[in-house]
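For reference, the structure discussed in these notes is given below.
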Amino acid sequence: MAGPVDTYAVMGNPVAHSKSPVIHTLFADQTDQNLRYSAQLVDIDGFKQAIDEFFGNGDLGLSITLPFKEEAWQLAQKRTSRAEKAGAVNTLWQDEHGLLHGDNTDGPGLVADLANNRVTTKGARVLILGAGGAVRGVLEPLLAGQPVEVVIANRTRSKADTLVEYFGDNAISACGFDEIEGRFDLVINGTAASLQGEMPAIPGHIIDQDTCCYDMMYGADETLFNRWCREQGAGKTIDGLGMLVEQAAEQFAIWRGVRPDTGQILDLLRNEMA
Ligand code: ATR
């Protein structure tokens, strides 16, 4: 007789918009893994209780989304080094001793999607816009790709300074939007500006035809940031849907030991959104 089905979920607030259930279910179908993956809306102050109940039921793994990634980091009893540095956890699972493990797959997701799009970070001059959790979460895996320089530009300069101090890597520096100098090979938007329908106030001279622009946000239509970059003459623009699929694939590999074929799933999602 078959045992109970392996169960996974994403926890967030809000969570109804999350594409994780669709993505992980497609991964499971593709790799013949028998599992169920759902979305759980969690009260803002009920996160610890929710994960205790989840793992108490014998359920196996969680994706964590806003606003609980920092709390998940605190509650994880063991963290990978990339999660440690990120200050946020988006993946939780328990080992055979009941120890709660936390990882952050956002950075590897970004790096994998850049590679899929044949964007090289080694030796590249990289500009990152924003200095919040989204940027902190991806910095270490990005630095591991050995860019020659990473400039973190933020509307509030002091937050970029804090991030640079924290990472303490010679390749990183901080500036305000009006202090950005020179051109870049790769420009990554990690700000929340587009949530307010705004474009970070950056100068157009940072972009030329050899610049790749990457928006960590995505949508059915071209993002505001990517449209602006294209209008400045960027040779390539990429949105964050591929990063979303890749960070999920990394979670799936951690939980199931099997790596899905992300290209097929990304095409499916892209078509569904269009
Ligand atoms: P997240 O965890 O998603 O990164 P966050 O920690 O609130 O969210 O950070 C949001 C980032 O987007 C910050 O870098 C923020 O800039 P400030 O530090 O100056 O607040 C940036 N941001 C938000 N709205 C913006 C806008 N309209 N223009 C430029 N940057 C913006």
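Put simply, of Met199, Met273 the only residue that is at pLDDT 95 or above and in contact with a helix residue (DSSP H, G or I) (Cβ under 9 Å, 6 or more places away or on another chain) is Met199.
Residue count for the stretch 225-250, restricted to those that are within 16 Å of the ligand (Cβ to nearest atom) and under 19 Å from the mean Cα position of the chain (by Cα): 7. Against the test of being over 21 Å from Glu84 (Cα atoms) and either surrounded by 19 or more Cβ atoms within 10 Å (Cβ to Cβ) or out of contact with any strand residue (DSSP E or B) (no Cβ under 8 Å at 6 or more places or on another chain) (or both), the options Asp113, Asp103 yield a single qualifying residue, Asp113. Of all the residues in the stretch 176-194, those that are within 9 Å of the ligand (Cβ to nearest atom), part of a loop (DSSP other than H, G, I, E, B) and surrounded by 18 or more Cβ atoms within 10 Å (Cβ to Cβ) number 2. Only one of the numbered conditions (1) closer than 19 Å to Gly240 by Cα; (2) in contact with a Gly (Cβ under 9 Å, 6 or more places away or on another chain); (3) at pLDDT 95 or above is violated by Leu66, and that is (3). A residue that is more than 24 Å from Thr262 (Cβ to Cβ), modelled with pLDDT of 95 or more and buried (at least 21 other Cβ atoms within 10 Å of the Cβ) cannot be found anywhere in the stretch 17-30. In the stretch 207-233, the qualifying residues are those that are buried (at least 22 other Cβ atoms within 10 Å of the Cβ) and in contact (Cβ under 8 Å) with a residue 40 or more places away in the chain, and the one that is farthest from Glu179 (Cα to Cα) is Met216.
Selection of the stretch 188-210 for residues being more than 23 Å from Asp106 (Cβ to Cβ) and polar (S, T, N, Q) yields only Gln209.
Does Ile206 fit the bill of being modelled with pLDDT of 95 or more, touching a Pro at 6+ places or on another chain (Cβ under 7 Å), in the same structural domain as Tyr218 (by TED's automatic domain parsing) and of a type in the set (A, V, I, L, M)? Judged against the criteria, Ile206 is not a match. All conditions but one from (1) closer than 15 Å to Cys213 by Cα; (2) out of contact with any helix residue (DSSP H, G or I) (no Cβ under 8 Å at 6 or more places or on another chain) apply to Asp113; the one that does not is (2). Within the stretch 195-224, restricting attention to residues that are more than 22 Å from Glu272 (Cα to Cα) and in contact with a strand residue (DSSP E or B) (Cβ under 8 Å, 6 or more places away or on another chain), which residue is nearest to the ligand (Cβ to nearest atom)? Among those residues, the one meeting the criterion is Pro200. Among the residues of the stretch 144-166, write down those that are touching a helix residue (DSSP H, G or I) at 6+ places or on another chain (Cβ under 7 Å), not basic (Lys, Arg) and not in a strand (DSSP E or B). Those that are touching a helix residue (DSSP H, G or I) at 6+ places or on another chain (Cβ under 7 Å), not basic (Lys, Arg) and not in a strand (DSSP E or B): Gly145, Leu163.
The values are calculated or read from the model by the stated rules, or taken from the named source; none is laboratory data. Worth saying up front: this structure is predicted, and the values here are computed from it rather than measured. Positions of Cβ are generated from backbone atoms using ideal geometry, with glycine treated the same way; all protein chains shown enter the neighbour counts.
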